[in-house]
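Note sheet for the following structure.
The values are calculated or read from the model by the stated rules, or taken from the named source; none is laboratory data. In this text the structure is predicted, and so the values were computed from the model without any measurement. FYI the Cβ positions are ideal-geometry reconstructions off the backbone, even for glycines, and counts take in every protein chain you see.
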Amino acid sequence: MSPPLIVASNRGPLTFERAKGGALQARRGSGGLVTALSSALIEAEGVWVAAAMSKGDREMVAASKGGRIDHAEGDVRYRLRYLDIPPDIYDGYYNRISNGMLWFAHHYLWDTVTSPSFGPDVDEAWEAYVDVNRRFATALAEEGEALGGDTAFLIQDYHLSLVPRMLRELVPDALIAHFSHTSIAGPTYFRMLPARIHDQVLWGLMGADVLGFHSPAWAENFLLSARQFPGARVDLARSRIVTEGREVMVRIHPISVDGRAMREEAATPRVRSLRHALNRWRDNNRLILRVDRLELTKNVVRGFQAYELFLRRNPSWIGRVRFLALLSPSRMELPEYREYTEACLAEARRVNDELGRDGWMPIELRLKDDYIGAIAAYGLYDVLFVNPVIDGMNLVAMEGPLLNRRRGVLVLSRNAGAYGRLGRYALSVNPFDVDEMADALEEAITMPVDERTRRSRGLSRLVLANPPARWVGGQLEDLERAKRRRR
Ligand code: G6P
């Protein structure tokens, strides 16, 4: 029997939108997090606390009692609590601090010659971040009280780094796990944040019983930062921190994707017909595929440059290979993302202008949110190109090999969390080394079939061996252990 469970994340599992007829309809988010946590929550009859992000979400909240939304889809029942946060406060918390500062710090995104440059306006945004974290902690305490018993709280990601501490203050005995889905910066880079923010983030997180990360490298970086925190005793060998007489366990649980659900999706008539259309479009060309949220960390521009270099070095491939880039727009509220989107489009145009021929273009860039299109394309690639500058995990590197039907080769950045598990069956690349990436594309495209078979089988075996339920299960076991140690 699982304990009562409460999940908190900035983005909830369902987004509500007005359909053409006027009714509010729910759309379920994709990705490992929603899959893994939804099934655990449904089993435990738990609650998911999240921010209302869309207009439809806010309308649902307005029509509900205190933001509590019960939503049934077939036999599946979601119990949600959505928090309606005033837009200017949400902007400070989400755009300016979470995505504009913490995300930048953890992914080494600043060009440090000129940025960041923190001025007095940071304080106002930080207050908004504290405010929203407090709203979450309060809602969690209320939901915990309603559920009763030894509720396990599973708090997600950098948006909510103060919640473990705030919740601990409200409910001292609470069983609290926090999971970071991002990479974690090393201590020197992380110290670029204003000291008060840097310290409060660490202090906030250390309010948890268990801190989870996708990869040993991220856990180690966190421990190294915590070691500099006054009053925290860090045991690197045993991966734990002692602070205020309490123990904080630091654990590694790599998330994965739901192989069965994805294969079912790939077999639907809709995906099948999309796949046929794509197959006609690719014609006799080999297909290099990338699928990304259009995100600063994903390294799209260098990826196009590497492909260009490969074509220039191997002109016999001109007219025989196509690069399909499926990019879904993201975080367009931030100027850096708008500029990067323009840079990606411009680079694709340049390569097409310089190398395109009548009836053949080297790059096809499709800019839209198209999960189903990606599922169709996964079936068809010869090379899947995943070259992020740095990435907490990267689920594309798992989804592709699960669904591919052509013994496609994975070219994978050594800086993706997924590299730890999948690296031995991938061609690995340094995401800054355009020359090496061009060589890897050549090696992938000319790889003999038996070697491709060995690698692609190895990849799907590894992905299937780690179902999403294991990710949640591991965290719940950690919390059980934390509970026993308290006694
Ligand atoms: C990626 C990251 C997560 C993060 C999410 C937020 O998936 O891996 O760590 O929570 O982006 O994206 P959003 O669109 O909700 O800002």
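Some observations on this one:
- Listed conditions (1) crowded, with 18+ Cβ neighbours inside 10 Å; (2) touching a Phe, Trp or Tyr at 6+ places or on another chain (Cβ under 9 Å); (3) not in a loop (DSSP other than H, G, I, E, B) are all met by GLU336, apart from (1).
- A Cβ distance below 7 Å, combined with a sequence gap of six or more or placement on separate chains, defines the contacts here; from the stretch 216-227, residues that are closer than 12 Å to MET206 by Cα reach residues that are of a type in the set (A, V, I, L, M) and part of a helix (DSSP H, G or I) in the pairs SER225/LEU202; ALA226/LEU202.
- Contact map, the stretch 363-376: first residue within 11 Å of GLU265 (Cβ to Cβ), second residue of a type in the set (S, T, N, Q), Cβ cut-off under 6 Å, separation 6 or more or different chains; pairs are TYR371/SER30.
- Test: residue in the stretch 374-397 that is within 16 Å of the ligand (Cβ to nearest atom), outside any loop (DSSP other than H, G, I, E, B) and at pLDDT below 95: no
Residue-wise test of (1) on the phi < 0 side of the Ramachandran plot; (2) not hydrophobic (A, V, I, L, M, F, W, C).
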site: MET249; (1), (2): yes, no
site: MET262; (1), (2): yes, no
site: ALA266; (1), (2): yes, no
site: ARG270; (1), (2): yes, yes
site: HIS276; (1), (2): yes, yes
site: ASP283; (1), (2): no, yes
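- Spans of helices (runs of 4 or more DSSP H) in the stretch 409-464 with at least 3 residues under 13 Å from ASN387 (Cα atoms): 434-445
- Of the strands (runs of 3 or more DSSP E) lying entirely inside the stretch 1-45, the ones with 2 or more residues being in contact (Cβ under 8 Å) with a residue 40 or more places away in the chain, assigned by TED's automatic domain parsing to the domain that holds TRP103 and buried (at least 19 other Cβ atoms within 10 Å of the Cβ) are found at 5-11, 14-18.
- For the stretch 443-487, the tally of residues that are surrounded by fewer than 16 Cβ atoms within 10 Å (Cβ to Cβ) and under 30 Å from PRO315 (Cα atoms) stands at 8.
- Some residue of the stretch 134-145 being over 27 Å from PRO86 (Cα atoms), in contact with a Leu (Cβ under 8 Å, 6 or more places away or on another chain), surrounded by fewer than 22 Cβ atoms within 10 Å (Cβ to Cβ) and touching a residue at least 24 places away in the same chain (Cβ under 8 Å): no
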